[in-house]
1. Of the residues 26, 22, which single one is closer than 30 Å to residue 130 by Cα, in a strand (DSSP E or B), in the same structural domain as residue 84 (by TED's automatic domain parsing) and in contact (Cβ under 8 Å) with a residue 60 or more places away in the chain?
2. Out of all the residues in segment 86-97, is one or more in a strand (DSSP E or B), touching a strand residue (DSSP E or B) at 6+ places or on another chain (Cβ under 9 Å) and not assigned by TED's automatic domain parsing to the domain that holds residue 318?
3. Please identify the pairs in which a residue from segment 69-80 that is in the same structural domain as residue 51 (by TED's automatic domain parsing) and at pLDDT 95 or above has its Cβ atom under 9 Å from the Cβ atom of a residue that is surrounded by 15 or more Cβ atoms within 10 Å (Cβ to Cβ) and assigned to a loop (DSSP other than H, G, I, E, B), counting only partners at least 6 apart or on another chain.
4. List, please: which pairs have Cβ atoms under 9 Å, are six or more places apart or on different chains, and start with a residue in segment 170-183 that is in the same structural domain as residue 128 (by TED's automatic domain parsing) and end with one that is modelled with pLDDT under 90 and in a loop (DSSP other than H, G, I, E, B)?
5. Failed condition for residue 247, given (1) part of a helix (DSSP H, G or I); (2) touching a helix residue (DSSP H, G or I) at 6+ places or on another chain (Cβ under 7 Å); (3) within 14 Å of residue 398 (Cβ to Cβ), with all others met?
6. Just checking, how many residues over segment 32-83 are within 29 Å of the chain's Cα centre (by Cα) and farther than 30 Å from residue 171 by Cβ?
7. Could you list, in sequence order, all residues of segment 325-339 that are without any contact (Cβ under 8 Å) to a residue 60 or more places away in the chain and under 22 Å from residue 285 (Cβ atoms)?
8. Tell me which residues, restricted to segment 407-424, are in a strand (DSSP E or B), over 20 Å from residue 368 (Cα atoms) and either outside the structural domain of residue 342 (by TED's automatic domain parsing) or out of contact with any helix residue (DSSP H, G or I) (no Cβ under 6 Å at 6 or more places or on another chain) (or both).
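The values are calculated or read from the model by the stated rules, or taken from the named source; none is laboratory data. From a predicted model like this one, the values you see are computed outputs, not experimental measurements. Cβ coordinates were reconstructed from backbone atoms using ideal geometry, including for glycine residues, and neighbour counts include every protein chain displayed.
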């Protein structure tokens, strides 16, 4: 890094630069059924250099990849090429992230174990879930990562952070005399909790079994629908992105500070963009610009409160202290309890092809691959159905569960109840 910095500072025509580096060590296990077929370790480094050139009242930038095989002369030549390309870019001027240093580690307990030991314990937790007659885990891949990230720039930024994380990819399968159903499971975490791993895979195996016997609704109906964290996260991100500096600068936002998103008597949304959510692999102390991240509540009690985003677009909007490009999201819990949920029939969506949220056309919906119909007396698995509703009506009447969990970049209620949704 010091060599690259020296070459950049000697280069002509630059008004600034940024270098990002991500060094990742991995330990990977590949199982077919329960047999360990392959063990692999990798050690990779990915580096990018971005140069900035002020010209004609604008600023241009260009980025190139850096390889360990490059000589100083190779790097200097790449810088000259990037400088020429940057002169063809006309952006409104902005300042790079200001001086600051940091060396930190994101919260984790994964580094307490040797990779070999951790891999074995994760595999044991996954295969403990294989208890359903007719069910199996056809394939399992475990990826244990340690990533050291670093950002430097021409204004004195030099920040480093370490992230330890695990990704599990599994294929839970259920087979009977007529057919076989496979599901794909992608589970990620930064804290080792074997009981949660077992519960996650058990739920997927049960879903595979239920897909075999799932029914279609005999006719369409209007009913309450429950979303789980994966779909809740997509909905919440759509609402939050309306408050992003870039969205606002490009005049693509539908709402501004003070607007009420929830005209109704449902639970009020409070959404905070976060730098660190413990348990999330998306947690970070700084963004790709090297800007320190600052938690920002963008929606409070259903009212648009503040905006967030990168320092570039924050400066364009005249924001005095931009939040940085925050990657995690926190939703405060609501009043919904399991007992209250059971008081009316509802459909719980456990697998969708991807929820569709279109604020511009006031729409929310999507194809449901597996759901459970709770009618008060029995639970019936459903497949081959779809749902649709007006987003404004959903927001006005939604109810949020009192319990929360971390899933991906999301930290919030385990369930979200949408009322009077059309299901076909």
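1. 26
2. Checking segment 86-97: at least one residue is in a strand (DSSP E or B), touching a strand residue (DSSP E or B) at 6+ places or on another chain (Cβ under 9 Å) and not assigned by TED's automatic domain parsing to the domain that holds residue 318.
3. If the second residue must be surrounded by 15 or more Cβ atoms within 10 Å (Cβ to Cβ) and assigned to a loop (DSSP other than H, G, I, E, B), the pairs left are 76/11; 78/70; 79/11; 79/14; 80/11.
4. none
5. Status for residue 247: all satisfied but (3).
6. Residues that pass the stated criteria total 13.
7. The answer is 325, 326.
8. Matches in segment 407-424: 411, 412, 413.
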